[in-house]
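What follows is a short report on a single structure.
The values are calculated or read from the model by the stated rules, or taken from the named source; none is laboratory data. Note that the structure is predicted; figures quoted are calculated from it, not measured. No Cβ is skipped: glycine too gets one built from the backbone with ideal geometry, and neighbour counts run over all protein chains shown.
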Amino acid sequence: MFESILLRAVVALALSVAAVGQAGAQAWPAKPVRFIVSTPAGTSPDLIARMLSERLARQYGQSFLVENITGAGGTLATHALVKAPPDGYTLMFTGMGAWVIDPYMMKNPGYDADRDMVPIGMIYEQDRLSIAVHPDVPAKTLPELITLAKSQPGKISYGVTNVVLLIMVGRWINKLADTDMVGVAYKTAGQQMQDILAGRIQWIVAAPPQLENFVKAGKVRIVAVDGVGRYPAWPDVPAIGETFPGYRTSGMGILSGPRGIPAGITQPLNAVMDRINRDTEYQQRLLSMSFSVNGAGTSDSIMAFIRERRQYWNTIFKTLNVQPE
């Protein structure tokens, strides 16, 4: 009889603890949520984060406050995330740097993504990067640009902004094409645009929205766009993958939290993100910025995607003999 009473007491206690935990998860968020972005205000990740935060605020009736923490190649923001309490009140817009590239570039980035972070939902699955040439360059396609570069070793130059991913794009194309084109890194996209418009460099890597007005004015010409399939806004422009099968260096965006955040928070949040991501108007706004997403994914599908991206970038860094510093 005593054992029966004890068993009922244990069961009752377990149920009450579970109920308290469930109630705590259901109460989230009971205060504003900090939403870290590693890029400055006005950049694409910042704008997308604000789009998403507005919709999350409407869904939850609580503020999601975008906080821009810049510097150290984005690692300052990642440090802020992984050091935060795993209570659901600090989230981050993470991307290629945090989940894929940083360990290849830094001997000690100060965190381990798999140990310290958990993916909650996809913010976007790919963005688009385009290769644009000055109109005086006699190349209408990427293969023609490669042929031109091979005929003039060391004479064709290209511009990228001083971002690791973009710098690697030019170097990887050089390697795949077996060319000797000269890369020029710019601190700002504005400086890069000035030089391509003036003809001081022959081509650039840039996002479509940066180039759209210049394309319409005939001041640059798009020869290829990165990403899976062709860019819907420019269906006549070939994908880089049509020249180099399997090529894809475009980024990704993932809403992440510190390791240990309760599933009672992440799972419902994932479901809310999935509804937001599948909204037609939201998808069109992302597409206008050259981003795309199809649902929020699951923790398993996101990690599978991250592993695939790591494998691809591992090939890039090893082939180019890039060593962490």
| query | For the subset of the stretch 84-117 comprising residues that are among the charged types (D, E, K, R) and modelled with pLDDT of 95 or more, which member is surrounded by the fewest Cβ atoms within 10 Å (Cβ to Cβ)? | reply | Arg115
| query | Hey, among the residues in the stretch 243-261 that are in contact with a helix residue (DSSP H, G or I) (Cβ under 6 Å, 6 or more places away or on another chain) and not hydrophobic (A, V, I, L, M, F, W, C), which one's surrounded by the most Cβ atoms within 10 Å (Cβ to Cβ)? | reply | Gly251
| Tally, over the stretch 158-195, of residues that are under 21 Å from Thr43 (Cα atoms) and of a type in the set (Val, Ile, Thr) | 7
| request: Could you identify the single residue in Ile276, Ile261 that is part of a loop (DSSP other than H, G, I, E, B), modelled with pLDDT of 95 or more and closer than 15 Å to Gly121 by Cα? | output: Ile261
| task | Show the residue pairs that are 6+ apart or on different chains and have beta-carbon atoms under 7 Å apart, the first residue being within the stretch 182-193 and more than 15 Å from Val169 (Cα to Cα), the second being of a type in the set (Phe, Trp, Tyr). | result | Gln192/Tyr186
| field | Yes/no for Gly218 being in a loop (DSSP other than H, G, I, E, B), in contact (Cβ under 8 Å) with a residue 60 or more places away in the chain and surrounded by fewer than 16 Cβ atoms within 10 Å (Cβ to Cβ) | value | yes
| In the stretch 142-166, how many are surrounded by 16 or more Cβ atoms within 10 Å (Cβ to Cβ), in a loop (DSSP other than H, G, I, E, B) and either in contact with a strand residue (DSSP E or B) (Cβ under 6 Å, 6 or more places away or on another chain) or at pLDDT 95 or above (or both)? | 1
| remark: Of the residues in the stretch 168-182, those that are at pLDDT below 95 and closer than 26 Å to Gly218 by Cα number 2
